[in-house]
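The structure under discussion appears below in the form of structure tokens.
The values are calculated or read from the model by the stated rules, or taken from the named source; none is laboratory data. Model, not experiment: these values are computed from the prediction. Neighbour counts run over all protein chains shown; Cβ positions are idealised from the backbone, glycine included.
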Amino acid sequence: MIEQQNLPTRQKSPVTVIGLGPMGQAMTRTLLGAGHPVTVWNRTVGRAEGVVADGAVLAATPGEAVEASDLVVLSLTDYQAMYDVLDGATSSLAGRTVVNLSSDTPDRTREAGAWAEGHRADFLAGGAMVPAPMIGTEAAYVYYSGGHEVMERHLATLAELGTPRFLGEDPGLAQMMYQAQLALFLTTLSGLMHATAMLGAAGVPAREALPELLSAADSIGDIMRAGEESPGAALDAGEHPGDLSTVTMMGATSDHIVETSTSLDLDLALPLAVQAHYRRAIRNGHGGDNWTRIIDSIRRPDRPATREERS
């Protein structure tokens, strides 16, 4: 039986990666490992040394990097960095595909799509939903949006980085999903640290507190999926039956968290923000509804209560 490593490997399509932070380096190594020739460029040249040693080619300029491949992947701080890097290379963009995996707002992402189109380049926006060490693993997935045909054309290459999840033609959709996921992620991390600080004030070390808290965090998905009906379907229908955890009950809990945090002299920004969601819902007459009713004041924080809600 012939070992697979002894078989000749057909060279795959070249890819350019611009931006060599931890994510850009991980993507470069993943693409190299999959057999793609990779050209790289980074403002700080020293960051390229490791991936060049692994087989990447360092371009002297952004224009040279763009011209090396039909597929140009950007991993930068934000979308302004795209303009800073590529404004001197716009003549090289025509006919190529720019995949921007940088973080920014959906509106700026749409503006970037129009900018790329103005320079006759195809454009995909994306957001990698795993940390750099997980790029290229089975656990990795990346959201994309933009031209459907463009996505299909580069699907095999982009799949090397992680499972592609295409959301639609609007370039801002992938960025919106990315920001929504990170809103959940960052809020969860802050909540985790706040809870750890609470327990620490009571003498419970973090090494003991964190396993208990993480177990509670893991159970949230099970709680949300409990029952026969999808909570998402009920939210879309504007239905908030108060047969389990009501706004009033959860609001009382949020009050207790604020009081406890105050007594421990902890920062109150997070618990006060949570408390405000429930107090607004109660003020608007929804104390007996399910806790999901707080989404109304999140969507429209300044909307006054209607007469029916006050009655």
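Quickly run through the range 67-86 and pick out the residues that are assigned to a helix (DSSP H, G or I) and under 26 Å from the mean Cα position of the chain (by Cα).
The initial filter retains those residues of the range 67-86 that are assigned to a helix (DSSP H, G or I), namely 67, 79-86.
Within the range 67-86, 79, 80, 81, 82, 83, 84, 85, 86 qualify.
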Scan (1) surrounded by fewer than 22 Cβ atoms within 10 Å (Cβ to Cβ); (2) assigned to a loop (DSSP other than H, G, I, E, B); (3) modelled with pLDDT of 95 or more for the single condition residue 89 breaks and write down its number. (2)
Looking at residue 205 and the list (1) loosely packed, with under 12 Cβ neighbours inside 10 Å; (2) in the same structural domain as residue 123 (by TED's automatic domain parsing), which single condition is not satisfied? (2)
Taking the criterion of being at positive phi and either buried (at least 21 other Cβ atoms within 10 Å of the Cβ) or acidic (Asp, Glu) (or both), would at least one residue in the range 123-140 satisfy it? no
Could you say whether any residue in the range 151-171 is within 14 Å of the chain's Cα centre (by Cα), in the same structural domain as residue 21 (by TED's automatic domain parsing) and among the basic types (Lys, Arg)? yes
Hey, can you tell me all the residues within the range 259-275 that are surrounded by fewer than 16 Cβ atoms within 10 Å (Cβ to Cβ), over 26 Å from the mean Cα position of the chain (by Cα) and outside any loop (DSSP other than H, G, I, E, B)? 259, 260, 262, 263
Any idea which of (1) modelled with pLDDT of 95 or more; (2) touching a helix residue (DSSP H, G or I) at 6+ places or on another chain (Cβ under 9 Å); (3) more than 29 Å from residue 283 (Cβ to Cβ) is the one residue 207 doesn't satisfy? (2)
Residues located in the range 276-286, provided they are buried (at least 19 other Cβ atoms within 10 Å of the Cβ) and not in a helix (DSSP H, G or I): 284, 286
Do you know which residues across the range 97-142 are farther than 19 Å from residue 168 by Cα, touching a Gly at 6+ places or on another chain (Cβ under 9 Å) and in a helix (DSSP H, G or I)? 132, 134
Hey, residue 264 in the same structural domain as residue 200 (by TED's automatic domain parsing), over 25 Å from residue 287 (Cβ atoms) and not acidic (Asp, Glu) or not: yes
Picking from 182, 189, which residue would you name as being surrounded by fewer than 18 Cβ atoms within 10 Å (Cβ to Cβ) and either at pLDDT below 95 or assigned by TED's automatic domain parsing to the domain that holds residue 27 (or both)? 182
